[in-house]
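The values are calculated or read from the model by the stated rules, or taken from the named source; none is laboratory data. Only a predicted model underlies this, so the values are computations on that prediction, with no experimental measurement involved. Cβ placement follows ideal geometry from the backbone for every residue including glycine, while neighbour counts extend to all protein chains displayed. Accessible surface is based on the protein model in full, side chains and every heavy atom, while ligands, DNA and RNA are left aside. Shrake-Rupley method; radii C 1.70, N 1.55, O 1.52, S 1.80 Å.
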Amino acid sequence: MPYLQQNDVEVFAGQVSKNGNRFCGDSYYYTSTDDYFICVLADGLGSGVYAFESSHSVVEIVEENHHEDVDTLMNLCNEALLKKRGAAVAIFKVYYHSKEFVYSCVGNIRFYMYAPQGKMTYPLPVTGYLSGRPQKYKTQRFSYDSNSRFLIHSDGLNIPGVKSLMQKYPTLHGTLKEIESKVDQTADDTTYIIGSLL
């Protein structure tokens, strides 16, 4: 299972392809620098190789340009999907020094930021998907507290009561194990990324 502990972030990620297919239609990428953490999750429309092709093109763009701001990255991702099947795309970028994160999403990807005091931040996505057509984005900026946790996942995962799940365990590992138990390997391609911000 991919794991990152670097700078001010700790992250686990998990991914399952529908029915064990060779190609997963979801793709993701994250990295941490001295100044920021950035994460992208893309869910290609449908499943199989064409869904993978769409989502993978998004991830490549963010990997090559992660120094850019979120709005710029969303535009670049949209351009990369021209003449492809399309994808739901979520990008968030955490700025360590200002204790802020910027989030933008088009499509049915879910994101939650849970603060230790119990406050849950759940930015609503724009409906639809990126496909190269002109697209409006809803990019939002939020502050966060130390030791906040986040969860981002594709629509293959259904978690009722996310807040209670985030409150329940003292470590990320406990939360991760419960999420893993909820994954239905036949329902859809599924990706989940969970992390903690110091």
Ratio for the chain, C-alpha Rg to 2.2 N^0.38 Å, reads 0.95
Between residue 120 and residue 163, what is the label-point separation in nm under the 7 Å Cα-to-beta-carbon projection?
0.6
For segment 144-152, in residue order, the Karplus 3J(HN,Hα) values (coefficients 6.51, -1.76, 1.60; θ = phi - 60°; whole Hz; Gly and Pro = x) are 9, 9, 4, 6, 6, 10, 10, 9, 10
Which value in nm describes the separation of the simple spin-label points at residue 146 and residue 33, placed 7 Å from the Cα toward the beta carbon?
2.5
Take residue 79 and residue 64, extend 7 Å from each Cα along the Cα→Cβ direction, and tell me the distance between the two endpoints in nm.
1.0
The summed charge of the residue 140 Cβ neighbourhood (under 12 Å; Lys/Arg +1, Asp/Glu -1) stands at +1
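Tell me, what is the percent relative contact order of segment 1-127, built from C-alpha pairs under 8 Å that lie six or more residues apart? It would help to have the intermediate numbers written out before the result.
Values: 241 pairs, mean separation 24.2, N = 127.
Relative contact order here is 19 percent.
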Give me the distance between the Cα centres of segment 108-162 and segment 12-64, rounded to whole Å.
16
When the chain is modelled as a GNM with alpha-carbon springs shorter than 10 Å, which of 150, 101, 142 fluctuates the most?
142
Which of the lysines could be linked to residue 182 by a straight reach, that is with a Cα gap under 23 Å, when you skip same-chain ones fewer than 8 residues away?
18, 163, 168
Convert each backbone phi in segment 85-90 into a coupling constant with the Karplus relation 6.51 cos²θ - 1.76 cosθ + 1.60 (shift: θ = phi - 60°), then list the ³J(HN,Hα) values in order as whole Hz, x for Gly and Pro.
5, x, 7, 6, 9, 10
Within straight-line cross-link reach of residue 138, aspartates and glutamates at Cα separation under 19 Å, skipping those fewer than 8 residues along the same chain:
43, 68, 69, 71, 79, 100
Phi to ³J(HN,Hα) by Karplus 6.51 cos²θ - 1.76 cosθ + 1.60 over segment 10-20, Hz, x for Gly, Pro:
10, 9, 10, 9, x, 8, 9, 8, 4, 6, x
Stokes-Einstein diffusion coefficient of segment 132-198, Kirkwood radius over Cα pairs, 37 °C, 0.692 mPa s, in µm²/s
235
Starting from segment 99-183, pick out the trypsin sites (Lys or Arg not before Pro) whose DSSP state is loop and whose Cβ has at most 16 other Cβ atoms within 10 Å.
99, 119, 136, 138, 182
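Just to confirm, what accessible area per residue do you get for segment 39-123 at 1.4 Å probe, in whole Å²?
Values: 3340 Å² over 85 residues.
Ligands and nucleic acids excluded, the result is 39 Å² per residue.
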For segment 1-56, what are the per-bin percents of Cα-Cα distances with bins 10 Å wide, up to the bin holding the maximum?
23, 42, 25, 9
Filter the trypsin sites (Lys or Arg not before Pro) in segment 43-89 down to the DSSP loop ones having no more than 12 other Cβ atoms within 10 Å, then list what survives.
83
Long-range amide H partners of residue 130, meaning residues 5 or more apart or on another chain whose placed amide H is closer than 5 Å, are 87, 88, 89
